[in-house]
Amino acid sequence: MSKRTIADSDNEFPQAGPSTPKRARRASGSPSSAGSRIRSNESTSEEQSDDDTSDDRASLDLDALEEHIRSHIDATRLANKGRLGTIGQKGIIESVEMFEFMCHKHLSFKFGDRFNFIIGRNGSGKSAVLTAITVALGGKANFTGRGSGLKSFIREGQSISEVTVTLKNDGDDAYKPGIFGKRIIITRRFTAQGASSYKILSDQKVLVSNKKADLDDICDHMSIQVENPLNVLTQDSARKFLGTTNEKDKYGFFLRGTQLQQLSDEYELIGANINTTNIILNRKAGDLPDLKQALDVAQREYDDGLKAQELRGRQARLRIELAWAHCDEKEKELQQCFKVVADSDSRLAKLQEKVDESKKQVEDASQEVRDLEARHEAAQDEVNRIKAGRETTVQEALAKRREIKNLQNTEREMNITLEEYKTAIAHYDEQLALEAAKLEQASQAQREEFQARIDESKAKIAALEADLASAATERDRLIGENTTADQQEVQAKNQVETLQRKMQEITEEIAASSNQEHDRLAAFGSNMTAVLVAIKQQRWFGDVPVGPLGMYVELEDAAKWGDIMRISIGHQMRGFAITDARDFGPLKSILQRHKNYATPIIVSENDKFDYHSGEPPPAYLTPLRTLKISNDYVRRILINSSAIERTYLAAHWQDAERLMDERGHGVVLTSDCFRVTRYQIDNGRKSEALSRVHFKDPRSRLFQDGNRTSQISKLREDLVNAQHHVKQASDDLQRCRQHQAHLRQALTECKNNGRRINGQLNQAKSALDAIEEEARNEAPISIAALQDAKKENEEAKADLLRQFTDLQSTKVRLESDLVPLQEKIDLQKEEARQAEERRQAVYDQLDLVVVTRENAIHAQKHYATELEKEQRKRDTLQRDADKVRDEFEDWIIKAEKIGNKVEMLRPRETIQREHDALTRGLDQRDQTHPKTLATLRKELESRHLAFETVKKDVRGLRTLNKALHRSLQLRQSRWEEWRAICSISCKIHFQYNLANRGYYGVVIFNHDKQTLKIKVQTDDQIVSSQDNGKLPIALSGGEKSFSTICLLLALWETLGCPIRCLDEFDVFMDEVNRQISAKLLMDTARSSHGKQYILITPLGLDPRIIEPWVTVQQMADPERSRPAAQL
């Protein structure tokens, strides 16, 4: 089978044939795959140029490098083919011995120089061998994966354990052969108490050292890396390496196994040390001024040596000057104490003013509360008075209606009596007709004449009465219609005024809503944006004021709960909160400057108290649960001021009553604006209706439901409808007034016509009476009697008609009187509404003033506390000042004893330094005898030399540090080259290892992403020219384990450690792959030079594949009760 070219790509397996053209590739990544190239803090432009040069040198022709390495590997494999590699002279393990270690009481055996198999069933303690090697050579316990500490390795029931490893130390490169000889014996002993110690012995078992550092030197010299995950693969590490498909984990094994990761970390540490060196250099350069100063001091001492005698006198004068300088400083300290006391007095006065001011504010607020309560009481009295007056007017109107009702009853009785009179008159007419028939023959002509005259008069009277009745009917109709028209005119007028007020309200609400749409803070007060800017720019004693509080509060289901929330917490929503009472005045000034005169200011500490204990069970709705409050400080303010956590919410007044019956006591607010209170002490109760917030009240714009644009559109539609209704109502009012004028004119004409007809009727009745009187005088007595009776009934009938007419007039008058009474009732109703609004306004103002008084009370307590603290502080300061004064007076007395007072022209520190320097110099002269001028000159030269030496050293070290920096860059480039060499070597050996089973594959390194990926083409893929191979996850268990073993062997070829240990290499393999892998491992070991292999497996091996140079150690079956494992 021809060899195929393996491409360095993610998804290509080129077929057999000519190689594809090669291209130059630049090595990517950096020494710290986890970081970029290190630069010192002192990098100059020149150093930057050097770095760039180093980066250019890092460019590698990877294809050429791979070709070179492949040629070298091919040559080496060809040269070693069929030959047995050389035995290692140093660093290989000759023997291991364990005492009370893990499951072994005592276990010891020797290793072969080349290849070693340790075979034993699970539980036989074979993995303890690798653990013992790791622990003995200085490895950490947690690296073994068998325990978190050394004491976990001590056999159960024992208190001490010991492991010993013997290393070969022969050849030309042996470690200190004159001391250790041809082997080094390393013993590590540790106890259950956590103690651990080393013994490093020579081949003669002479103790050479017990230091861990010496063991590290030995391991470094022999390239032994017990904690390298690829050198010693413990059972857990082996399982992880053989079983993992994670590309980053494999890449991490590669970096740590080749020590590239350690080098990268060390380079980072070197870079950090270079930076630290720069800092030290800068600090050392900072010592130059001190050396220069010391040089100047030496120069001055030399100059002063010529004036030694003069300095004695100068010392005495300085002592006097120093004494008075101390007094001068003490005097200044005393003055400062007096100033501090005075400042404290000033603060006390200001605090007292604040206390008095806050007290006055409390008194003023209390007085204002009393005044407002009086005004509220007066307003309530006015409301009651207007309601009482309206009640009186209503009663008067009811009395008028009762009189009209009585007149209607009398009218019915009069109609009955009138019918009786008409019946009697008809009866008398019949009697008179009979009597007239009797006298017909006697005085026919005369009677006919009288009768004709009487009939004519009666006919005229009947016609006039009919006209009068018709006129009266028309008059009554016109009066009724006029009364109705008056009522309609009043109703139309009231409707026009009501609609005009509604239209004005809608217009104002549109303006307010538009303003709020452009300024979301408009609902909280005037020019709130400017207020918040001013608050931000102001400096405060406490925290920055928080507000308006409504900015942090939203209401769920505003359509249902908006009215009651506006009533209950509307004022607080427009308020601000401060944590320091001293900020009350500045904040109030800012608010008033922007025309916010009634904005509440709440003084409250930012106390994170727990309020959950005051809440009712979750089944009950409270304002806290229906409000979304984004600021915890605002939430606690509302809890303190409005008890929103324990106030209940209910839909209706009846629901609130039932809830109070259920809970026993508390306060309930309802969506129909009722407050129901049940007291706990006497089980008293109170229910009160709350007035809804008027649209002109700023609170009306809080807790609005829906977006502002749709609300404004709805209001504008309402305005158009209101304008239309106003026009219709105005037209109706105009028609009512025109109709009313027409009716009044017709009524006047009707009344004049009735008076005219009544005059004619009276004249006709007088004429009839005269004719009848004349006829009676001519008639017989019986006829005359009948005629008198008839006349009497007719007169009674006429009198009844007059009474009826008077009754009708009285009825019309009463009905006319009802019209102004109804108007008065409507007027009083409007007055009552306005009075109620004035009362509510006073009540709202009273609510604000009560909050202001509470704030003033808080401020008064705060300032009183501060005054008390300042008074105690002032007393302390006064005691300190008295103490300083006593010290000053004592110092003056002592200074006068030293010398007369001198004028202070310079600071005491200057005098002190000069005096101390002079004193030290003179004392030194006194102790060591006066120095000669030559001695002083010598000291001057010495300090000059020290200064110049340090200066030269700093310059030289800077040059050295730059050279180190360039060297680090060069090493980083070499690191990248070595990484490229290791990765290429790994890829090539991996291909050769796979070829042992007829597989082909590729190792794909991505140094930028830090991944290592392998693809394998198995036998079943060879026939497909388009198959790019399988990832490990797609391979069978045996194929994947075999591929991973091939990768491990390829990685081992890049390592310098003479020891290669692997626990349970065949953990995931079937028997075929296991035998092939074992054969591959032994073949690799055969051609290896100076390497020792130690492999552990729980299964046996085919004896046919075991070669003579392979050592097989068979562990005894696990028997925990046996004293020791047997080989």
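The values are calculated or read from the model by the stated rules, or taken from the named source; none is laboratory data. None of the values given here were measured: they were computed from a predicted structure. Because the Cβ atoms are built from the backbone with ideal geometry, glycine has one as well, and the counts that use them run over all protein chains shown.
Each row is one residue, and each column tells you yes or no for (1) crowded, with 17+ Cβ neighbours inside 10 Å; (2) under 60 Å from the mean Cα position of the chain (by Cα); (3) at pLDDT 75 or above.
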{"position": "786", "(1), (2), (3)": "yes, no, no"}
{"position": "792", "(1), (2), (3)": "no, no, yes"}
{"position": "795", "(1), (2), (3)": "no, no, yes"}
{"position": "798", "(1), (2), (3)": "no, no, yes"}
{"position": "804", "(1), (2), (3)": "yes, no, yes"}
{"position": "809", "(1), (2), (3)": "no, no, yes"}
{"position": "817", "(1), (2), (3)": "no, no, yes"}
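Tell me the residue from 866, 831, 870, 823 that is assigned to a helix (DSSP H, G or I), under 60 Å from the mean Cα position of the chain (by Cα) and closer than 21 Å to residue 391 by Cβ, please.
Only one candidate passes the filter, namely 831.
Considering only residues that are among the basic types (Lys, Arg) and in a loop (DSSP other than H, G, I, E, B), look in segment 527-576 and name the one that is surrounded by the fewest Cβ atoms within 10 Å (Cβ to Cβ).
In this case the residue turns out to be 539.
Tell me which residues, restricted to segment 75-106, are in contact with a helix residue (DSSP H, G or I) (Cβ under 9 Å, 6 or more places away or on another chain) and part of a helix (DSSP H, G or I).
76, 77, 80
Here's the yes/no breakdown for (1) hydrophobic (A, V, I, L, M, F, W, C); (2) closer than 14 Å to residue 322 by Cα; (3) in contact (Cβ under 8 Å) with a residue 12 or more places away in the chain; (4) surrounded by fewer than 13 Cβ atoms within 10 Å (Cβ to Cβ):
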residue	(1), (2), (3), (4)
848	yes, no, yes, no
852	no, no, yes, no
862	no, no, yes, no
869	no, no, no, yes
872	no, no, no, yes
891	yes, yes, yes, no
900	no, yes, yes, yes
907	no, yes, yes, yes
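Would you please name the residue that is surrounded by the most Cβ atoms within 10 Å (Cβ to Cβ), looking only at residues in segment 1052-1093 that are assigned to a loop (DSSP other than H, G, I, E, B) and at pLDDT 75 or above? Give the derivation first.
Of the residues in segment 1052-1093, the ones assigned to a loop (DSSP other than H, G, I, E, B) are 1053-1058, 1064-1070, 1088-1091.
With the extra rule that they be at pLDDT 75 or above, the set shrinks to 1053, 1057-1058, 1088-1091.
Numbers: 1053: 18, 1057: 22, 1058: 22, 1088: 21, 1089: 12, 1090: 18, 1091: 25.
Out of the qualifying residues, it is 1091.
Take segment 577-622 and flag every residue that is without any contact (Cβ under 8 Å) to a residue 60 or more places away in the chain, surrounded by 20 or more Cβ atoms within 10 Å (Cβ to Cβ) and touching a helix residue (DSSP H, G or I) at 6+ places or on another chain (Cβ under 8 Å).
578, 587, 590, listed by residue number.
Among the listed residues 147, 123, 139, 157, which satisfies the condition of being under 25 Å from residue 1085 (Cβ atoms), in the same structural domain as residue 230 (by the TED database) and not in a helix (DSSP H, G or I)?
Working: 147 fails: under 25 Å from residue 1085 (Cβ atoms); 123 fails: under 25 Å from residue 1085 (Cβ atoms); 157 fails: under 25 Å from residue 1085 (Cβ atoms).
Every option except 139 fails the conditions.
Whether any residue in segment 176-197 is assigned to a loop (DSSP other than H, G, I, E, B) and of a type in the set (Ser, Thr, Tyr) is what I want to check.
Checked segment 176-197: no residue is assigned to a loop (DSSP other than H, G, I, E, B) and of a type in the set (Ser, Thr, Tyr).
Out of the residues in segment 199-243 that are part of a loop (DSSP other than H, G, I, E, B) and more than 26 Å from residue 177 (Cα to Cα), which is modelled with the lowest pLDDT?
Ranking the qualifying residues of segment 199-243, first place goes to 234.
Among the residues that make up segment 629-643, is at least one of them surrounded by fewer than 18 Cβ atoms within 10 Å (Cβ to Cβ), of a type outside the set (A, V, I, L, M, F, W, C), at pLDDT 85 or above and in a loop (DSSP other than H, G, I, E, B)? Step through it out loud before you land on a result.
Initial filter on segment 629-643 (surrounded by fewer than 18 Cβ atoms within 10 Å (Cβ to Cβ)): 630-632, 640, 642-643.
Now drop any that are not of a type outside the set (A, V, I, L, M, F, W, C), which leaves 630-632, 640, 642.
If we keep only those that are at pLDDT 85 or above as well, we get 630-632.
If we keep only those that are in a loop (DSSP other than H, G, I, E, B) too, we end up with 630-631.
Scanning segment 629-643 turns up at least one residue that is surrounded by fewer than 18 Cβ atoms within 10 Å (Cβ to Cβ), of a type outside the set (A, V, I, L, M, F, W, C), at pLDDT 85 or above and in a loop (DSSP other than H, G, I, E, B).
Identify all residues within segment 373-417 that are more than 23 Å from residue 817 (Cβ to Cβ), within 60 Å of the chain's Cα centre (by Cα) and loosely packed, with under 15 Cβ neighbours inside 10 Å; write none if there are none.
Residues satisfying the conditions are 374, 377, 378, 381, 384, 385.
Looking at the structure I just gave you, is residue 964 under 21 Å from residue 270 (Cα atoms), in contact (Cβ under 8 Å) with a residue 60 or more places away in the chain and either assigned to a helix (DSSP H, G or I) or outside the structural domain of residue 1082 (by the TED database) (or both)?
For residue 964, the condition - under 21 Å from residue 270 (Cα atoms), in contact (Cβ under 8 Å) with a residue 60 or more places away in the chain and either assigned to a helix (DSSP H, G or I) or outside the structural domain of residue 1082 (by the TED database) (or both) - is met.
Taking the conditions exactly as written (assigned to a helix (DSSP H, G or I), aliphatic (A, V, I, L, M), at pLDDT below 80 and surrounded by 16 or more Cβ atoms within 10 Å (Cβ to Cβ)), does residue 496 satisfy them or not? Let's see the steps before the verdict.
Working: assigned to a helix (DSSP H, G or I): yes; aliphatic (A, V, I, L, M): yes; at pLDDT below 80: yes; surrounded by 16 or more Cβ atoms within 10 Å (Cβ to Cβ): yes.
It is true that residue 496 is assigned to a helix (DSSP H, G or I), aliphatic (A, V, I, L, M), at pLDDT below 80 and surrounded by 16 or more Cβ atoms within 10 Å (Cβ to Cβ).
What number goes with the only condition from (1) in contact with a strand residue (DSSP E or B) (Cβ under 6 Å, 6 or more places away or on another chain); (2) farther than 30 Å from residue 70 by Cα that residue 959 does not pass?
Of the numbered conditions (1) in contact with a strand residue (DSSP E or B) (Cβ under 6 Å, 6 or more places away or on another chain); (2) farther than 30 Å from residue 70 by Cα, the odd one out for residue 959 is (1).
Just to check your reading of the model, which residue among 711, 745, 738 is under 37 Å from the mean Cα position of the chain (by Cα), part of a helix (DSSP H, G or I) and modelled with pLDDT under 85?
So the residue among 711, 745, 738 that is under 37 Å from the mean Cα position of the chain (by Cα), part of a helix (DSSP H, G or I) and modelled with pLDDT under 85 is 711.
Being outside the structural domain of residue 1083 (by the TED database) and under 55 Å from the mean Cα position of the chain (by Cα) is the filter here, so list the residues in segment 980-1005 that pass it.
980, 981, 982, 983, 984, 986, 987
Filtering segment 1094-1127 down to residues that are β-branched (Val, Ile, Thr) and outside any strand (DSSP E or B), which residue is modelled with the lowest pLDDT?
If we take residues in segment 1094-1127 being β-branched (Val, Ile, Thr) and outside any strand (DSSP E or B), then 1105 is modelled with the lowest pLDDT.
Go through segment 983-1010 and give me each residue that's surrounded by fewer than 23 Cβ atoms within 10 Å (Cβ to Cβ) and of a type in the set (S, T, N, Q).
Across segment 983-1010, the qualifying residues are 985, 991, 996, 1006, 1010.
Could you say which residue among 232, 206, 165, 226 is loosely packed, with under 13 Cβ neighbours inside 10 Å and of a type in the set (Val, Ile, Thr)? If you could, list the steps in order and put the result at the bottom.
Numbers: 232 fails: loosely packed, with under 13 Cβ neighbours inside 10 Å; 165 fails: loosely packed, with under 13 Cβ neighbours inside 10 Å; 226 fails: loosely packed, with under 13 Cβ neighbours inside 10 Å.
Being loosely packed, with under 13 Cβ neighbours inside 10 Å and of a type in the set (Val, Ile, Thr) holds for just one of 232, 206, 165, 226, which is 206.
Going by the structure shown, is residue 884 buried (at least 16 other Cβ atoms within 10 Å of the Cβ), modelled with pLDDT of 80 or more and part of a helix (DSSP H, G or I)?
Criteria met by residue 884.
Looking at this structure, is residue 1049 in a helix (DSSP H, G or I) and modelled with pLDDT of 70 or more?
Yes, satisfied.
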